[in-house]
1. Filter the stretch 1-36 for residues that are in contact with a Phe, Trp or Tyr (Cβ under 7 Å, 6 or more places away or on another chain) and modelled with pLDDT of 95 or more; which is farthest from Ser161 (Cα to Cα)?
2. Considering only residues that are among the charged types (D, E, K, R), part of a loop (DSSP other than H, G, I, E, B) and touching a Cys at 6+ places or on another chain (Cβ under 9 Å), which ones fall in the stretch 1-54?
3. Just to verify a result, which residue in the stretch 206-231, among those that are touching a residue at least 60 places away in the same chain (Cβ under 8 Å) and assigned to a helix (DSSP H, G or I), is nearest to Arg128 (Cα to Cα)?
4. From the list Arg122, Arg47, Arg128, Arg114, which one is out of contact with any Leu (no Cβ under 8 Å at 6 or more places or on another chain), among the charged types (D, E, K, R) and loosely packed, with under 14 Cβ neighbours inside 10 Å?
5. Considering only the stretch 75-89, how many residues are in contact (Cβ under 8 Å) with a residue 40 or more places away in the chain and under 28 Å from Arg30 (Cβ atoms)?
6. State which residue pairs qualify: first residue among the basic types (Lys, Arg) and inside the stretch 175-204, second residue modelled with pLDDT under 95 in any location, beta carbons under 7 Å apart, and separation of 6 or more residues or different chains.
Amino acid sequence: MSNFQVKTPVAFLVFNRPDTTIRVFEEIRRARSPKLLVVADGPRADRPGEADKCKAVRAIIETVDWPCEVLKNYSDGNLGCKVRVSSGLDWVFEQVPEAIILEDDCLPHPTFFRFCEELLERYRDDERIGIISGDNFQFGKRRTQNSYYFSRYAHIWGWASWRRTWQKYDVEMKQWPTVRSAEWLSDIFQDRKLVKYWRNIVEAVFNNKIDTWDCQVNFACWINSTLNIMPNNNLVSNIGFGIDATHTTGRSQFSEMPAMEMQFPLVHPTMIIRDALADGKTEKGQFSKPTTTSRIKNKIKRLIS
């Protein structure tokens with residue numbers, strides 16, 4: 001699979017970590033995408049040495065040595081996770097109709113690129129599908145022998161999507177007050193604990209208590225009833241957990257999960273049905289706890305500290 005050359009544009013989201021950036025960049029180099037769109041945030045004024053780190057990250061991009069059009073969207077100052085990523089992806093999907101997206105700490109298996117590219121083509125005009133994820137948090141459990149399944153969750157540690165999906169994205173989640181007052185989350189999840197969990201998270205993001213952009217991807221999928229594709233084995237390893245991370249600062253079972261080879265030809269599902277059992281495992285492992293307000297607040301505090 002190492003000889004596969006991706007034709008799809010790759011968007012690379014970077015900031016201040018040259019050590020992880022270079023590792024992800026090497027996999028992008030290996031895939032030899034003909035178009036690389038780089039989104040970079042700027043240094044924070046109150047962080048000594050961060051300007052040098054940002055400069056070192058951007059220097060990595062200058063080492064592109066394959067036939068490739070490089071487009072850059074760099075911020076001089078620090079915009080923060082929410083504004084920088086959302087505005088950067090706005091720009092990406094203004095430039096190209098579809099893209100494979102990697103952050104600077106999401107290390108893909110080489111077959112991740114072919115997986116995304118084939119499914120971008122297969123579901124290009126299928127409005128039922130929102131994004132194609134590269135990660136799998138099922139820890140070996142699978143319901144079928146298919147290469148992937150459908151989920152109501154959008155995982156973004158390495159993913160791909162289309163302009164048509166991003167056009168439904170709203171970083172401010174302006175529909176949230178309507179969803180909240182009409183209790184639409186109860187219709188979406190039909191589980192009291194999940195409703196409570198997501199109501200707290202979405203409310204915190206809506207009120208800018210969490211500086212993030214990814215909750216809004218899930219929210220857009222829910223209110224538009226779109227499903228997302230998850231590979232049946234993990235294709236991306238998050239190598240960014242640690243004190244230098246923005247959000248993933250603590251210990252986690254999801255840190256540096258091995259990225260595994262995807263087998264081709266892909267085995268496609270014959271039906272587009274959400275795998276509720278797989279989603280249930282994700283919900284039990286990730287989204288059911290904390291369920292109390294105090295523990296939610298503690299999680300939020302960790303995320304924004």
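1. Per the stated criteria, the residue is Arg29.
2. Of everything in the stretch 1-54, those that are among the charged types (D, E, K, R), part of a loop (DSSP other than H, G, I, E, B) and touching a Cys at 6+ places or on another chain (Cβ under 9 Å) turn out to be Arg32, Asp41.
3. The qualifying residue nearest to Arg128 (Cα to Cα) is Cys221.
4. Testing whether each residue is out of contact with any Leu (no Cβ under 8 Å at 6 or more places or on another chain), among the charged types (D, E, K, R) and loosely packed, with under 14 Cβ neighbours inside 10 Å leaves just Arg47.
5. Number satisfying all stated conditions: 5.
6. Lys193/Ser288; Lys193/Thr291; Lys196/Thr291
Per-residue answers, yes or no, for (1) at pLDDT below 95; (2) of a type in the set (Val, Ile, Thr):
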site: Cys116; (1), (2): no, no
site: Leu119; (1), (2): no, no
site: Asp125; (1), (2): no, no
site: Gly130; (1), (2): no, no
site: Gln138; (1), (2): yes, no
site: Thr144; (1), (2): no, yes
site: Tyr148; (1), (2): no, no
site: Ser161; (1), (2): no, no
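The values are calculated or read from the model by the stated rules, or taken from the named source; none is laboratory data. Treat the numbers as computed from the prediction; the structure is a model and nothing was measured. Reconstructed Cβ throughout: ideal geometry from the backbone, glycine too, with neighbour counts over all protein chains shown.
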